[in-house]
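In what follows, a single structure is set out as structure tokens and then discussed.
The values are calculated or read from the model by the stated rules, or taken from the named source; none is laboratory data. Just so you know, these numbers come straight off a predicted model, no measurement behind them. As a convention, Cβ positions derive from the backbone with ideal geometry for all residues, glycine included, and neighbour counts pool all protein chains shown. For the accessible areas, the whole protein counts, side chains as well, though only heavy atoms, and no ligand, DNA or RNA atoms are used. Shrake-Rupley method; radii C 1.70, N 1.55, O 1.52, S 1.80 Å.
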Amino acid sequence: MPDTHFYRYDDYDRTLVAERVEQFRDQVRRRLAGELTEEQFKPLRLTNGLYLQLHAYMLRIAIPYGTLSSRQLRKLADIARKYDRGYGHFTTRQNLQLNWIKLEDAPDALAALAEVDMHAMQTSGNVIRNVTADHFAGAAIDEIEDPRIWCEIVRQWSTLHPEFSFLPRKFKIAVTGSPNDRAAVRVHDIGLRLWRNAEGEVGFEVIVGGGLGRTPMIGKTLREFLPKDELLAYLEATLRIYNRYGRRDNLYKARIKILVHEIGAEKMREEVEAEYAEMKDGALKLPAETIEAIARQFAPPALPHRPAVVGAVEALKLEDRDFALWLKSNVSPHRMAGYRIVTASLKPAGAPPGDASSVQMEGVADIADAYSQGEIRVSHEQNLVFPHVAVEDLPVVWLALGRLGFAEANVGKITDIIACPGLDYCALANARSIPVAQSISNHFASLARQHDIGDLKIKISGCINACGHHHVGHIGILGVDKNGVELYQISLGGDVDFGKTALGTILGPAVAADKVVEAVDALVSTYLEARGEGERFVDTYRRIGAQPFKDRVYAAV
Amino acid sequence: MPLFRETGVVEDPWQRLDDEAPVPADGMVLVSFTRWREARAALLARRGPVGVALANTDPVETLASDTSRLDLIVLNFPKFSDGRAYSQARLLRERLGYQGELRAAGGVLLDQLPFMLRCGFDSFESEQKGFGEALAKARTLFSVVYQPTEDGRATASLLRLKRRNSTSVTPSEAPALSEAEARGP
Amino acid sequence: MAKNLSGDLSVASANRLTDGVVVFLDDSGEWTARLDRAAVARDKRSAEILLERAKTEAFSVVDPFLVAVAEDGDGAIEPISLREKIRAAGLTFDAIAADAVRYA
């Protein structure tokens, strides 16, 4: 295995994945032979990542902490080509979804994944899911510690956990290593925030009970400061309380956020701390050496010194307006002055957001090999990220991305839309989301206009399960079904910047599908006319309130 | 309902006592949690082993001072997807030090056996076809585990530490049988 | 398209076990991917019978259920709900092709 700058599987990890694939192969055999009913089989296939959607099975492949080597990405391209229809969808939890998998092929697809140390374990089902992180981890300027070390530690602890494989409901954990929370920790079942206390020690703030969906809630702080080596004991305590006392009578009230809401944060803390007191200093305490051995594997690559200011780049910036805009929106600062973090936009105008074909994936892998230390990240905004690109290489990367269709200078802009698959794919949806995203994207395609509008996050969900995270969009759009007709409810002012985690407020009555673009246009016009110096859309909204937006939208639709 | 241990199907020697029925003077008697709380003293005063069947919402902590005097605890899975009994099992074994027979009843399916064994269950009521064969293989289905439980299996984490600090240890070189493993049927 | 307004027409549908493909029960009790070959129940009682039959043939499919359909003047059937229309007909937009690469 070529050197990577993140966790490398050893023989133990590989053995476990291989044994899981063999177990699932036998379970599929038994299902096809009628020895298992669908009811008995369903949790088994879910905990191996296989959903049944409208048209076919969907395989949700885990991409732990959103980090991939080029070799892994090529394998994903290969699997998409061999077992699917030659494309995949990157999700809001940093996973990859293949939408046309056959059950009878699933064990082979999983075996192929295992060849590159990947899997689809626990990406579905009432278990602990993929632990997500900051997609700039290991490269960002403001990072206190790489959160992915802890994602990996939690990943192992949570995989095939014998006590927590039949929880009341799914369980999602996110980790941030930076005060600018790009992992949305406050809307997860457990959010972990690394910070440094007055004594200079780094530990976790543990946040519990956040989540979107039917009853969106912002998580409460369970513990201000938890020593790092106690993380697993604390998590085990929390999960045990949830497993024992989480509601099981009502599917829609079964998340831990409901438990916290019903017993109160104070009582929750008491219960967890009491359980934790029994466990701390026990078998789950992490030896320093264990942490070190994993942390070492995330050591950033030794990047050769490269110039911070490059004449050719400056010249191109002046000559080519598209390049200049791309630098502004898709390129972010890096720890090292001679480097940048580059986001490949998977939101070309009019295309389904977050999708990539096998050819595009392979193209991205090639760019990563040549210009980004062989590493790619998946953001939870459905884009791909190159974490270590030398400033000198920005023009060639931009051109290469352009050839793939991934160089749209729209990251963070109005057409960088997050959308769930919606009713086109998903059996849970009430309405479609991809066509809505496409129509908005086409309407605002002009780059100049997008950059004038500035940072604006539109998030679209096709149902209340909120996989599109609409609650935390600056503009959130929720598809609903009224008497068989698709309608879209618009909300404003959602956000997930740490310290400003906010849930959007509904603007008014839902609008028809063919009026959504007009509504968004009205919102944008209201903003452009009212904005103050340096104000983003969401800032103006916070200053002037909903009424001006509401008036304008409902006059237009 | 067939009763299984890792050695195979076994006869159930326990007599399930109705809540209303009088407590027999001897014999192996299994009572409900309600009955246990009402008649604890009487049950312990007799000759003959006592077993308790818990609902998965019953607080196992209540049995803390009695675990050494019980020979059977039955835990229930109302549906196989209701995983509360896994926590009860671990608390009984690891926190309360229970060493008697720990039986899984209710929705007990062979695909959950690796988890159940790791949580400390050692007997199982199930009507599922193929259960016995699966149970015979369940403990070795996964040769690598990540989490420490009372089954004493060395975790990958521990094995890595050992390997780094000495000559290599492979997953198959399991440590000496823990008390749980040595307990047997 | 003139819709049958009696609202009692239905077909039995499921997803095929091996590959998840949307299928419909035909007159001979086999599962077909073609909606135009589906057995149509024309009243409530026939629908119940159709569903029962689908359930007995459920070995090769997952969770059969009834889908309300409408019939146009030419006898073509189409599901009434948007979800079932999409299930029967596929995606409502063009997914990117396997080799979608734009050249600069």
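Just checking the output field for B:82-93: average partner chain Cβ neighbours within 10 Å of each residue's Cβ?
Taking all residues of B:82-93 together, the mean is 5.
Once ligands and nucleic acids are excluded and a 1.4 Å probe is used, how much of A:Trp157 is accessible, expressed in Å² to the nearest 10?
10
Taking a threshold of 30 Å on the Cα-Cα distance, which of the pairs A:Lys413/A:Lys515; B:Lys79/C:Lys55; A:Lys170/A:Lys228; A:Lys459/C:Lys55; A:Lys75/A:Lys515; A:Lys253/B:Lys79 fall above it?
Among A:Lys413/A:Lys515; B:Lys79/C:Lys55; A:Lys170/A:Lys228; A:Lys459/C:Lys55; A:Lys75/A:Lys515; A:Lys253/B:Lys79, the Cα-Cα distance tops 30 Å for A:Lys459/C:Lys55; A:Lys75/A:Lys515.
Counting Lys +1, Arg +1, Asp -1, Glu -1, what net charge surrounds A:Lys75 among other residues with beta carbon under 11 Å of its beta carbon?
Combined, the nearby Lys, Arg, Asp and Glu give 0.
Nearest 100 Å², what total accessible surface is buried between chain C and chain A (probe 1.4 Å)?
Between C and A, the summed buried area is about 2800 Å².
Rounded, prolate or oblate: which fits the stretch A:86-217, taking a ≥ b ≥ c as square roots of the Cα gyration tensor eigenvalues, rounded meaning a/c under 1.5, else prolate when a/b beats b/c?
Verdict is prolate for the stretch A:86-217.
Using a cut-off of 11 Å between beta-carbons, work out the net charge of the residues near B:Lys137 (Lys and Arg +1, Asp and Glu -1, B:Lys137 not included).
Around B:Lys137, the charge tally is -2.
Would you work out which of A:Phe323, A:Pro353, A:Ala337 lies farthest towards the positive end of the dipole of the stretch A:294-385? Charges go on Cβ: Lys and Arg +1, Asp and Glu -1.
A:Ala337
Check each residue of the stretch A:140-184 and keep those whose accessible area, probe 1.4 Å, is at least 30 Å² smaller with all protein chains in place than in the chain alone; give them in order of residue number.
A:Gln156, A:Leu160, A:Pro162, A:Glu163, A:Phe166
Under the classification rounded if a/c is under 1.5, otherwise prolate if a/b is larger than b/c and oblate if not, where does the stretch B:3-141 fall, given a ≥ b ≥ c as square roots of the Cα gyration tensor eigenvalues?
prolate
Could you work out how far apart the two model spin labels at C:Asp74 and A:Glu533 are, taking each label as a point 7 Å from the Cα in the direction of the beta carbon, and quote it in nm?
6.6
Less than 12 Å from a label point 7 Å out along the Cα-to-Cβ axis of A:Lys328: which backbone N atoms in the stretch A:297-312 qualify, by residue?
The answer is none.
How much accessible area per residue does the stretch A:271-370 have, in Å², with a 1.4 Å probe?
Per-residue value: 43 Å².
Sequence-distant or interchain residues sharing an amide H contact under 5 Å with A:Asp455, placed H: which?
A:Phe537
At a 1.4 Å probe, what is the % contribution of carbon and sulfur to the accessible area of chain A?
That fraction is 51 percent.
Can you give the FRET efficiency to the nearest 0.05 for A:Glu289 and A:Asp26, using r as the Cβ-Cβ distance and R₀ = 30 Å?
Between A:Glu289 and A:Asp26 the formula returns 0.20.
With a 1.4 Å probe, what is the total accessible area buried between chains A and B, in Å² rounded to the nearest 100?
3800
Given labels modelled 7 Å from the Cα in the Cβ direction, how far is it in nm from A:Glu270 to A:Asn250?
About 2.4 nm separates the two model spin labels.
Among B:8-19, A:244-255, how do they line up from the highest to the lowest mean number of other beta-carbon atoms within 10 Å?
Highest-to-lowest ranking by the protection proxy: A:244-255, B:8-19.
Could you give me the ³J(HN,Hα) list for the stretch A:88-104, computed from phi with Karplus coefficients 6.51, -1.76, 1.60 and θ = phi - 60°, whole Hz, x at Gly and Pro?
Rounded to whole hertz, the list is x, 10, 8, 9, 6, 10, 6, 9, 10, 10, 10, 9, 10, 6, 8, 4, 5.
If you fit an axis through the alpha-carbon atoms of helix B:156-165 and take the longest principal axis of the Cα set of chain B, what angle between them do you get, 0 to 90°, nearest 10?
Orientation of helix B:156-165: about 40 degrees from the principal axis.
For a test of the definition: using alpha carbon positions, the gyration tensor, and the 1.5 limit on a/c, classify the stretch A:209-313 as rounded, prolate or oblate.
oblate
Which length gain, in nm to one decimal place, applies between A:Glu115 and A:Ala299 when the Cα-Cα distance is subtracted from 0.36 nm times their residue separation?
Stretched out fully, the A:Glu115 to A:Ala299 stretch lengthens by 63.9 nm.
Counting Lys and Arg as +1 and Asp and Glu as -1, each charge on the Cβ, what is the dipole of the stretch A:195-331 about the Cα centre in debye, to the nearest 20?
Approximately 640 debye in magnitude.
Could you work out which residue, out of B:Leu159, B:Leu63, B:Leu110, moves most in a Gaussian network model of chain B, that is, has the largest mean-square fluctuation with Cα springs under 10 Å?
B:Leu159
Rank-order A:96-103, A:520-527 by packing density, defined as the average count of other C-beta atoms within 10 Å over each peptide's residues, highest first. It would help to have the intermediate numbers written out before the result.
Working: A:96-103: 23.4, A:520-527: 21.0.
Listed from highest to lowest mean packing, they are A:96-103, A:520-527.
What does the average come to when, for each residue of peptide C:80-88, you count the partner chain Cβ atoms lying within 10 Å of its Cβ?
Average neighbour count from other chains, rounded to a whole number: 4.
What's the magnitude of the charge dipole for the protein assembly as shown around its Cα centre, counting Lys and Arg as +1 and Asp and Glu as -1 at the beta-carbon? Answer in Debye, nearest 20.
Numbers: 104 positive and 116 negative charges, 131 e Å.
Dipole of the protein assembly as shown, to the nearest 20 debye: 640 debye.
With the dipole of the protein assembly as shown worked out from charges on the C-beta (+1 for Lys and Arg, -1 for Asp and Glu) around the Cα centre, which of A:Ala295, C:Gly90, A:Ala274 lies farthest toward the positive end?
A:Ala274
Label-point separation (nm) for B:Asp19 and A:Ala33, each offset 7 Å from Cα along Cα-to-Cβ?
Rounded to a tenth, the inter-label distance reads 4.3 nm.
Do any residues of the stretch A:51-99 show a loss of at least 10 square angstrom of accessible area between the isolated chain and the full protein assembly, using a 1.4 Å probe, and if so which?
So the qualifying set is A:Leu52, A:Leu54, A:His55, A:Ala56, A:Tyr57, A:Arg85, A:Gly86, A:Tyr87.
For n ≥ 4 DSSP H runs only, could you compute -39500 (n - 2.57) per run for chain A, divide by its residues and tell me the 222 nm figure to the nearest 500?
-11500 deg cm²/dmol
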